[in-house]
Amino acid sequence: MTPSRSPLRTWPTLGLALGLVFGLAACGGGGGGSSGGGDDDGGGPPPPRSATVVLVNPTTLEDLEELCDDKGATILGPVDGTDYYEVSVPDGVDVDDFLEDLDDELEVEDGEHDEGVGVPEGGGGTQAAFVDDVFASIATQPALALIGAPTAHGRGYDGTGVVVAVIDTGVVASSPALAGRLVAGYDFVDGDTNPADVANGVDEDKDGVFDEGVGHGTFVASLVLAVAPNAMIMPLRVLNSDSIGTAAALARAIQYAVANGADVINFSGGLAGPSLVIVQAAENAKAAGVYVVSAAGNRNLSQVDYPANASAVWAVSAVDATSRKAFFASFGSDVDFVAPGIDLLGAHPRAPSGLARWSGTSFSTALVTGAFALLRGEDAGAPSKDLFERLEDTAVPVDALNPLYVGKLGKGRLDLGAATAP
């Protein structure tokens with residue numbers, strides 16, 4: 001559900017699924033297309049980050065400029081695709097006091113900390129287990145059969161012509177699972193056109209684990225392609241190697257995806273508290289006919305993570321092989337679908353074999369996004385909303401198997417056999 005807009009609010013950093021805490025302004029926003037600039041492709045390189053960054057939606061830019069001058073703050077630039085601006089609050093200035101001053105002295109629509117975006121599986125969450133297997137097994141694993149993907153493939157559904165934006169930690173382009181299936185993307189962390197999923201050897205979130213986010217984006221992309229093998233992946237990196245990102249970077253990536261021809265956006269991540277700049281970006285994408293599909297989260301709570309609980313976003317939770325709720329999966333009335341999310345097989349760049357098994361709502365989300373790509377490939381003219389509703393209408397109800405979660409697991413488990421039936 002989209003939060004109602006009220007005067008100025010701030011949202012502190014919160015721990016995400018199973019203990020992971022994401023840092024404050026630890027990686028930069030910024031826009032840009034494959035050429036690295038221009039208004040039509042999402043903006044230029046990311047602005048520099050200094051001290052604490054907040055996002056402000058002012059009634060007039062002139063009033064914001066005047067107040068920032070008085071407070072010694074710096075406007076770093078607009079957040080493309082939204083009405084927000086990034087503002088750097090200098091060291092020594094209390095951020096909450098600054099936001100209160102904005103509310104007192106300006107008619108500010110909203111102000112919030114630019115922080116807290118990550119993936120549910122990082123840090124202390126579920127961990128990838130490296131396995132010795134072959135890449136062909138990704139597409140033949142039991143989870144794919146459970147959702148009816150082989151049946152859809154047998155009917156000629158393969159996602160041809162569909163572009164899926166994967167907003168995540170980037171991808172390793174050399175993975176055999178992604179060979180020939182990538183279009184130009186962008187790195188909103190480093191501000192360049194190489195959205196590589198790489199380690200940097202720095203414990204940026206100070207949790208004692210290095211580079212725990214590496215592999216997540218590649219894993220997600222491989223699952224999308226396992227469902228929709230002829231789709232193309234647009235990799236958009238908004239999370240660094242420790243899975244740390246910002247709301248501004250995510251909003252810019254959503255705008256970039258829409259401006260550069262994506263048919264659907266997969267964001268297998270989120271944050272525990274609301275961010276209206278992300279909600280606005282998702283709503284603008286929806287208005288353009290491009291929906292965001294996002295993970296419910298791994299906190300096993302009756303409150304799904306943002307932006308999955310926004311009305312403009314399709315929320316996905318996880319079940320096991322018997323269609324019972326995964327032990328870690330969050331749930332609630334905002335969930336739209338469930339899909340398998342335990343011990344999925346996917347590509348992982350740090351595994352000796354290039355493959356791993358991993359559990360999480362992130363990966364259930366990838367299966368749903370791939371399912372949409374299958375339908376879109378066969379019906380390029382249908383409204384996106386109609387295709388998602390087709391997936392809902394043909395889902396297998398799971399309430400009887402989950403009596404403690406009746407009405408909290410969406411319309412049920414994805415069923416591509418039914419969704420693609422003649």
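Cβ under 14 Å from residue 321's Cβ, residue 321 left aside: what net charge do those residues give with Lys, Arg +1 and Asp, Glu -1? Net local charge, residue 321 excluded: +2. A simple rule links phi to the HN-Hα coupling: the Karplus curve 6.51 cos²θ - 1.76 cosθ + 1.60 with θ = phi - 60°, which for segment 152-164 gives 4, 4, x, 8, x, 7, 9, x, 4, x, 9, 10, 10 Hz, with x for Gly and Pro.
When each of the peptides 235-248, 190-203, 81-94 is scored by the mean number of other C-beta atoms lying within 10 Å of its residues, the order from highest to lowest reads 235-248, 81-94, 190-203. Entry note: segment 275-327 has Rg to Rh equal to 1.07, where both radii use alpha-carbon atoms and Rh is the Kirkwood radius. Electrostatic tally near residue 420: other residues with Cβ closer than 14 Å to its Cβ, Lys and Arg +1, Asp and Glu -1, net -2. Remark: the residue 66-residue 103 segment gains 11.9 nm on full extension, using 0.36 nm per residue and subtracting the alpha carbon distance. Using only the Cα atoms of segment 178-303, build the gyration tensor, take square roots of its eigenvalues as a ≥ b ≥ c, and label the shape rounded, prolate or oblate: rounded if a/c is under 1.5, else prolate if a/b is larger than b/c, else oblate. It comes out rounded by the Cα gyration axes.
If you take all other residues with their beta carbon under 10 Å from the beta carbon of residue 231, and give Lys and Arg +1 and Asp and Glu -1, the sum is 0.
Amide H contacts for residue 172 (H built 1.01 Å from N in the peptide plane; partners 5 or more residues away or on another chain; cut-off under 5 Å): 197, 218. By definition, a body whose alpha carbon gyration tensor gives a ≥ b ≥ c is rounded when a/c is under 1.5, and segment 129-419 falls into this rounded group.
All of the numbers you see were taken from the coordinates with simple rules; none came from a lab. Just so it is clear, the model here is predicted, and its values are computed rather than measured. Using ideal geometry, Cβ is built from the backbone for each residue, glycine included, and neighbour counts are taken over all protein chains shown.
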